[in-house]
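See below for the structure under consideration.
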Amino acid sequence: MIDIQNLSVDFGNKVLFENVNLRINRQDKIALVGLNGTGKSTLLKIISGIEKPSSGQVSVPKNFTCGYLPQEFVQLKGLPLIEEIKSSFTEYVSLEKREKEIHNILEDGQLSEREKKIYLERLGQIIHRKEEIDFYGLEARIEKVLSGLGFREKEFGKNVKEFSGGWQMRIELAKILLNKNDILLLDEPTNHLDIDSLWWLTNYLQNYNGAMIVISHDKYFINKVTEKTLEIANKKITFFNGNYNQYLKAKKIAEEQAIAAYKNQQKKIKETERFIERFRYKASKASQVQSRIKQLEKLQEIELPEFEKNIKIKFPEPPRSAVIPVKLEKVTGGYPGKTVFENLDLQIERGEKVALVGRNGTGKSTLLKIVSGILNPLAGKVIYGQNTKISYYAQEVAETFNLEDDILTTLRQIPSDLTEGQLRTILGAFLFHGDDVNKKIKILSGGEKSRVALASILLQKANLIVLDEPTNHLDYQSKEILQEALKNYKGSLLIASHDIDFLKGIVDKVMEFKNGEIKYFYGGIEYYLSKKEGAQGNNSSSSKATVSKTNNRKEQKRIEAELRQQKFNATKDIIKRIDECENEINGLEEKIKILETELTDEKVYSDPVLSKEKTLEYKSAKEKLNSVMDEWAELNEKLEEIEKQFS
C-alpha cells in the first residue's frame, strides 16, 4: 500500500536515517521503536505528508487516506464537541451543505418544472449517498467513541476550547478513529488516557480494519495492538516480525549472533594476516598469499551493535516509619462546589505499595494531594504516623523550581550524599545527557520539567512516596530504570498510573475509582486485570493464526538445528586439530624466541658443545613450525570449503 524508496533524512550534519526501503501493507499493525532522537516522529510526519524527506520518496495509492495523531499541539475549530467531530467528515459536511443549498433553491418557487426535476434528482442522489455511508448513524457512532475515550454525555455540547490539552488530544484521536482512514499514524496516543480509556482504545485498535503505525512507550498497549516492529537504530530502519516483546527477543538473538560473527571474523582476519606474514616470501604459497590479501581487501568488516547503557539507580534508604504512615478517616475530597469522593476511610501500611486506577476526574489526583498535604480535605481528617516523611510527584510540582537555576543546580539543592557524577547518572536515566544538565529550568518544556521533578524524588529520603502519572514523559529505558528502583524501594508507595506494564512487579494492592466509589483489589495489577469486567481474550481465529505461526517457527527451528548438527559433525575434528595446531604454533614461536635469545648469550656461543646443541634445537623447532603452519593452512582451506556447503 505504501512504498518507501531510498528515503533519507538529515538535519544539517545529523543523519537520522538513510537509504530506507520499506513496504507497508494494508493490514500491517506496526510498532515504531528506537531511542529518543532517532527520528520516529519525523518518519510519521513524512509518511503523513506533513514533512518532506532530504531524499527519496513515499508512494501511496490514489484516494489514500491517513489519520495522523501528533504528540502535542492539535488545532481545533472551537465548535461544540459533537459538531467538532462531525466537521472532520468532509464528505458528510459537503453532502449536508449541498442538500441545504438545493432545499433553498427549491423553496424559491421561481424554477421551471424541468429545473425542479433536475434539482430533485440531485437531491435524491445526495439522500442515496447519505444512506450508503450511514450518514444518519454518524452521531451515534461519535457518541460511542467519545464515551469510550472517557467523555461524559453532559460534555457532548461543551465547546472544545474549554477542555484541557489532554482532553483535546482525545478529541483529535476520536476524529482519526471515526474517519476510517487507510492507515493510522499514532504518536504516543496513550499519554493522556486513563486506564479505562486505554482499555477501550486497545480493544478498538485490535479490531481496526486498516494499517497502523504506533509510537508508544506503553509496553502493555504496544504488545496488544501491534504484530510487527520497525526499529530505527544506527541510521537504519529494520523490520521485525512480531510485537514488541518478540522484537526484544529477536534483537537479543541478533545481537548475540552479531557479537559471535564479529569475534569469528576477527579471528579469521588474524589467521589470514598470520598466513600472509608467514608465507609472503615462499614461492610455493605465492598464489594463496595473493588470494588471502585480496580477501582482506574485499572484506566488509562486521560492526558491533550499539548497546543501550544499563543504568541502575535506587532510592536512598528511608527512615523507618510507623506501622501506619498515613490514615484517612471519613475524608471527603474535592474543591469548593465540586466533590469527587466522600467519607473515605483508608490506611496505608508500612511497606505497602498501592496503585490508583480509574477514569480521569474520579478523584485519584485529589486523593494523592490530600495524602501529601498539598490539598485539605473538605471533611474528615488525615492522621500521619510518627516519623512519616512524604515525597510527592506530579507534573505541576516542577513549577515550584527556581526558573533561573540550571538542572544540575536544582538537584544539588536537595540534601544528599551523592557526587556530581552520581547526580549526572540520575539525570542521564531521565534523558538529560552531557551539556543538557546546564540548561536553565525556564527554557525547558513541560515534559522536561516533569523529568527533573521525577529525578529529584530519587534524592529525597522519604518513607512514603506519592506519584501521579510518573511515566508520561519517559522512554522505555527510563521507565525500566524507575520501575526497578520502585521495586526495590523499602518504603510505602501510592501511585496513580495507567501504564499497566510499568505497574507490574511494583504494586501489591489496587484501588479502583469508579462511579463515585472506591473498590479494593488485594493483589498486583495483573490480579486486578484478571478480575476486571470485560477482559478481552484472544478470539479463535487469532489463536489459530498464532498456532500456525508457531508451527512454522518450530519447523524452521528444527531444520536450522539439523543443519547446525550436520555442520558440527563435518567440522568438529578439523576445528579441533586447527586449535591444536594453533597451540603448537604459539608454543613453537615462543620456544624459537627463547632459543634466539640464548644463542646471542656469550655463555652459549662461547661453548662449542652447548652452541651446537642450541643451534640444532633451533633448526628443529623452525622445521617443526613450518610443518605445523603448512598443516594449519591446509586445514583452514578444507574448513572453508565445508563451511561454503552450509552457507
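For the stretch 347-364, how many residues meet the condition of being modelled with pLDDT of 90 or more and either within 14 Å of residue 393 (Cα to Cα) or touching a helix residue (DSSP H, G or I) at 6+ places or on another chain (Cβ under 9 Å) (or both)?
6
Taking the stretch 189-198 only, how many residues are touching a Leu at 6+ places or on another chain (Cβ under 9 Å) and assigned to a helix (DSSP H, G or I)?
Adding up the residues that qualify gives 1.
Taking interchain pairs and intrachain pairs at least six residues apart, which have beta carbon atoms under 7 angstrom, with the first residue in the stretch 481-510 and closer than 14 Å to residue 219 by Cβ and the second surrounded by fewer than 21 Cβ atoms within 10 Å (Cβ to Cβ) and of a type in the set (Asp, Glu)?
Taking only residues 6 or more apart or on different chains, the pairs are 504/526.
Out of all the residues in the stretch 119-141, is one or more touching a helix residue (DSSP H, G or I) at 6+ places or on another chain (Cβ under 6 Å), under 27 Å from residue 214 (Cβ atoms) and of a type in the set (Val, Ile, Thr)?
no
Tally time: how many residues in the stretch 205-249 are in contact (Cβ under 8 Å) with a residue 40 or more places away in the chain and assigned to a strand (DSSP E or B)?
14
Among 481, 414, 506, which is within 27 Å of residue 326 (Cα to Cα) and within 23 Å of the chain's Cα centre (by Cα)?
On the way: 481 fails: within 27 Å of residue 326 (Cα to Cα); 414 fails: within 23 Å of the chain's Cα centre (by Cα).
Just a single option satisfies the conditions, and that option is 506.
Got a number for residues in the stretch 100-145 being farther than 19 Å from residue 82 by Cβ and part of a helix (DSSP H, G or I)? If you could, list the steps in order and put the result at the bottom.
The initial filter retains those residues of the stretch 100-145 that are farther than 19 Å from residue 82 by Cβ, namely 101-129, 131-132.
From what is left, the residues that are part of a helix (DSSP H, G or I) are 101-107, 113-129, 131-132.
Count: 26.
Yes or no, residue by residue, for (1) touching a strand residue (DSSP E or B) at 6+ places or on another chain (Cβ under 7 Å); (2) more than 17 Å from residue 318 (Cβ to Cβ); (3) without any contact (Cβ under 8 Å) to a residue 40 or more places away in the chain; (4) not assigned by TED's automatic domain parsing to the domain that holds residue 489:
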| site | (1), (2), (3), (4) |
| --- | --- |
| 416 | no, no, no, no |
| 424 | no, yes, yes, no |
| 429 | no, yes, no, no |
| 433 | no, yes, yes, no |
| 436 | no, yes, yes, no |
| 440 | yes, yes, yes, no |
| 447 | no, yes, yes, no |
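With 123, 146 as the choices, which residue is surrounded by 13 or more Cβ atoms within 10 Å (Cβ to Cβ) and more than 31 Å from the chain's Cα centre (by Cα)?
Numbers: 146 fails: more than 31 Å from the chain's Cα centre (by Cα).
Answer to the check: 123.
Are any of the residues in the stretch 236-258 among the basic types (Lys, Arg), touching a Leu at 6+ places or on another chain (Cβ under 8 Å) and under 29 Å from residue 211 (Cβ atoms)? Walk me through how you get there before you give the answer.
Within the stretch 236-258, the subset among the basic types (Lys, Arg) is 236, 249, 251-252.
Still in the running and touching a Leu at 6+ places or on another chain (Cβ under 8 Å): none.
No - not one qualifying residue is present in the stretch 236-258.
Checking residue 38 against (1) touching a strand residue (DSSP E or B) at 6+ places or on another chain (Cβ under 8 Å); (2) exposed (fewer than 13 other Cβ atoms within 10 Å of the Cβ), which single condition isn't satisfied?
(2)
Looking at this structure, is residue 51 without any contact (Cβ under 8 Å) to a residue 12 or more places away in the chain, under 20 Å from residue 172 (Cα atoms) and surrounded by 12 or more Cβ atoms within 10 Å (Cβ to Cβ)? Full working, then the answer.
Working: without any contact (Cβ under 8 Å) to a residue 12 or more places away in the chain: yes; under 20 Å from residue 172 (Cα atoms): yes; surrounded by 12 or more Cβ atoms within 10 Å (Cβ to Cβ): yes.
Considered against the rule, which asks whether it is without any contact (Cβ under 8 Å) to a residue 12 or more places away in the chain, under 20 Å from residue 172 (Cα atoms) and surrounded by 12 or more Cβ atoms within 10 Å (Cβ to Cβ), residue 51 comes out as yes.
Can you find a residue in the stretch 253-273 that is on the phi > 0 side of the Ramachandran plot and either part of a strand (DSSP E or B) or modelled with pLDDT of 85 or more (or both)?
no
Looking only at the stretch 73-95, which residues are in a loop (DSSP other than H, G, I, E, B) and surrounded by 14 or more Cβ atoms within 10 Å (Cβ to Cβ)?
Residues of the stretch 73-95 that are in a loop (DSSP other than H, G, I, E, B), as a first pass: 73-79, 87-89.
Passing the criteria: 74, 76, 79, 87, 88, 89.
Can you name the residue in the stretch 179-188 that is assigned to a loop (DSSP other than H, G, I, E, B) and touching a strand residue (DSSP E or B) at 6+ places or on another chain (Cβ under 7 Å) and is also surrounded by the most Cβ atoms within 10 Å (Cβ to Cβ) among such residues?
Initially, the stretch 179-188 is screened for residues assigned to a loop (DSSP other than H, G, I, E, B), giving 179-182, 188.
Add one more test, that the residue is touching a strand residue (DSSP E or B) at 6+ places or on another chain (Cβ under 7 Å), and what stays is 179, 181-182, 188.
Details: 179: 17, 181: 18, 182: 17, 188: 20.
By that ranking, first place goes to 188.
Take the residues in the stretch 485-499 that are modelled with pLDDT of 90 or more and in a helix (DSSP H, G or I), then tell me which one is surrounded by the most Cβ atoms within 10 Å (Cβ to Cβ).
486
Hey, does the stretch 600-607 have a residue that's surrounded by 13 or more Cβ atoms within 10 Å (Cβ to Cβ), free of Cβ contacts under 8 Å to residues at least 60 places away in the same chain, among the aliphatic types (A, V, I, L, M) and in contact with a Ser or Thr (Cβ under 7 Å, 6 or more places away or on another chain)? Let's see the steps before the verdict.
Keep residues of the stretch 600-607 that are surrounded by 13 or more Cβ atoms within 10 Å (Cβ to Cβ), which gives 601, 604-605, 607.
Next, only the ones that are free of Cβ contacts under 8 Å to residues at least 60 places away in the same chain stay: 601, 604-605, 607.
Filter once more, so that each one left must be among the aliphatic types (A, V, I, L, M): 604.
Okay, now just the ones that are also in contact with a Ser or Thr (Cβ under 7 Å, 6 or more places away or on another chain), so 604.
So far as the stretch 600-607 goes, yes, one or more of its residues are surrounded by 13 or more Cβ atoms within 10 Å (Cβ to Cβ), free of Cβ contacts under 8 Å to residues at least 60 places away in the same chain, among the aliphatic types (A, V, I, L, M) and in contact with a Ser or Thr (Cβ under 7 Å, 6 or more places away or on another chain).
Give just the number: which of (1) in contact with a strand residue (DSSP E or B) (Cβ under 8 Å, 6 or more places away or on another chain); (2) of a type in the set (S, T, N, Q); (3) closer than 25 Å to residue 187 by Cβ does residue 75 not satisfy?
Answer for residue 75: the failing condition is (1).
Does the stretch 500-515 contain at least one residue that is among the acidic types (Asp, Glu) and surrounded by fewer than 19 Cβ atoms within 10 Å (Cβ to Cβ)? Walk me through it before giving the result.
Restricting attention to the stretch 500-515, the residues satisfying the condition of being among the acidic types (Asp, Glu) are 501, 508, 512.
Cutting the leftovers down to surrounded by fewer than 19 Cβ atoms within 10 Å (Cβ to Cβ) gives us 508.
Yes, the stretch 500-515 contains at least one residue that is among the acidic types (Asp, Glu) and surrounded by fewer than 19 Cβ atoms within 10 Å (Cβ to Cβ).
Residue by residue through the stretch 459-474, note down the ones that are of a type in the set (A, V, I, L, M, F, W, C) and either in a loop (DSSP other than H, G, I, E, B) or in the same structural domain as residue 33 (by TED's automatic domain parsing) (or both). Can you show your working first?
So in the stretch 459-474, the residues of a type in the set (A, V, I, L, M, F, W, C) come out as 459, 462, 464-467, 474.
Within the stretch 459-474, 459, 462, 474 meet the criteria.
If residue 582 satisfies all but one of (1) out of contact with any helix residue (DSSP H, G or I) (no Cβ under 6 Å at 6 or more places or on another chain); (2) surrounded by 12 or more Cβ atoms within 10 Å (Cβ to Cβ); (3) modelled with pLDDT of 85 or more, what's the number of the condition it fails?
The failed condition is (3).
Among the residues in the stretch 596-604, are any closer than 16 Å to residue 271 by Cβ and part of a helix (DSSP H, G or I)? Before you say what the answer is, go through the steps one by one.
Here is the first cut: in the stretch 596-604, the residues closer than 16 Å to residue 271 by Cβ are none.
Taking every residue of the stretch 596-604 in turn, none turns out to be closer than 16 Å to residue 271 by Cβ and part of a helix (DSSP H, G or I).
Could you list, in sequence order, all residues of the stretch 424-458 that are assigned to a loop (DSSP other than H, G, I, E, B) and crowded, with 21+ Cβ neighbours inside 10 Å? Write out each step before concluding.
Applying the first criterion (assigned to a loop (DSSP other than H, G, I, E, B)) to the stretch 424-458 yields 430-433, 439, 444-445, 458.
430, 432, 458 - these are the residues of the stretch 424-458 that are assigned to a loop (DSSP other than H, G, I, E, B) and crowded, with 21+ Cβ neighbours inside 10 Å.
The values are calculated or read from the model by the stated rules, or taken from the named source; none is laboratory data. These numbers come from a predicted model, not from an experiment. Glycine gets a Cβ as well: all are built from the backbone with ideal geometry, and neighbour counts include every protein chain shown.
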